[in-house]
Amino acid sequence: MRRAVCPGSFDPIHNGHVEVIARAASLFDEVIVAVSTNYAKKYRFSAEERLALAAETLGSLRGVSVVPMGEGLLAEFCRDHGASAVVKGLRSVQDYQYELPMAVMNRQLTGVETVFLAAESRYTHLSSSLIKEVAALGGDVSEYVPAAVLKQLQAG
């Protein structure tokens, strides 16, 4: 069985994430969406809310599960969960420059490979930070987020 991990903080999960995860699900037998927490970040949604929103959004995708990443290195998480690959979406050259050193380090640490998927052009401008900012200022983000996320953003 070929298993991959799609890691991220998903604060909140948006349609760009969903598109990459769905494509990963077509390439691998199983995809683990690992919801991480970076304690240096300020989150709009709690870890529990991010897990629940991701699980509700991705529940219909075959072979996709949502789990908390917990503490530690991504490479170790992959090894502990039997994943041979990390899947990352790339929106720009800047994403590639940021992700490449981590991909090399993860491979050197545990042998896990990183698969880069180019983002769909209609989502290349999306980031969770931008979505939160636009929503907080009253902008319409309904085109960019799953229904469950939109409901939570509108609830305040």
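The values are calculated or read from the model by the stated rules, or taken from the named source; none is laboratory data. A quick note: this is a predicted structure, and the numbers were derived from the prediction, not measured. Methodologically, a virtual Cβ is constructed for each residue, glycine included, from the backbone with ideal geometry; neighbour enumeration extends over all protein chains shown. Areas reflect the complete protein model, heavy atoms only, side chains present, ligands, DNA and RNA absent. Shrake-Rupley method; radii C 1.70, N 1.55, O 1.52, S 1.80 Å.
Observations, loosely collected:
- Just one of the numbered conditions (1) of a type in the set (G, A, S); (2) assigned to a helix (DSSP H, G or I); (3) over 19 Å from K132 (Cβ atoms) is not true of A52: (3).
- Check on Q108, at pLDDT below 95 and open to solvent by 40 Å² or more (accessible area, probe 1.4 Å): no
- Qualifying residues in segment 117-131 (those that are in contact with a Gly (Cβ under 8 Å, 6 or more places away or on another chain) and buried (at least 16 other Cβ atoms within 10 Å of the Cβ)) - the one modelled with the highest pLDDT: L117
- Just one residue in the set A75, A54, A34, A24 is within 21 Å of V115 (Cβ to Cβ), over 12 Å from the mean Cα position of the chain (by Cα), at pLDDT 95 or above and open to solvent by less than 20 Å² (accessible area, probe 1.4 Å); that residue is A75.
- Qualifying position, being under 13 Å from C6 (Cα atoms) and either open to solvent by less than 80 Å² (accessible area, probe 1.4 Å) or not charged (D, E, K, R) (or both), among V141, V149, V67: V67
- Of all residues in segment 78-100 being open to solvent by less than 50 Å² (accessible area, probe 1.4 Å) and free of Cβ contacts under 8 Å to residues at least 24 places away in the same chain, the one that is nearest to D29 (Cα to Cα): E99
- Residue match in segment 116-127 (condition: over 16 Å from G16 (Cα atoms), of a type in the set (S, T, Y) and free of Cβ contacts under 8 Å to residues at least 60 places away in the same chain): no
- Note on segment 17-45: residues that are among the small types (G, A, S), in contact with a helix residue (DSSP H, G or I) (Cβ under 9 Å, 6 or more places away or on another chain) and assigned to a loop (DSSP other than H, G, I, E, B) amount to 1.
- V134 vs. criteria closer than 15 Å to G16 by Cβ, surrounded by fewer than 16 Cβ atoms within 10 Å (Cβ to Cβ) and modelled with pLDDT of 95 or more: yes
- Residues within segment 1-16 that are assigned to a loop (DSSP other than H, G, I, E, B) and within 15 Å of C78 (Cβ to Cβ), tallied: 2
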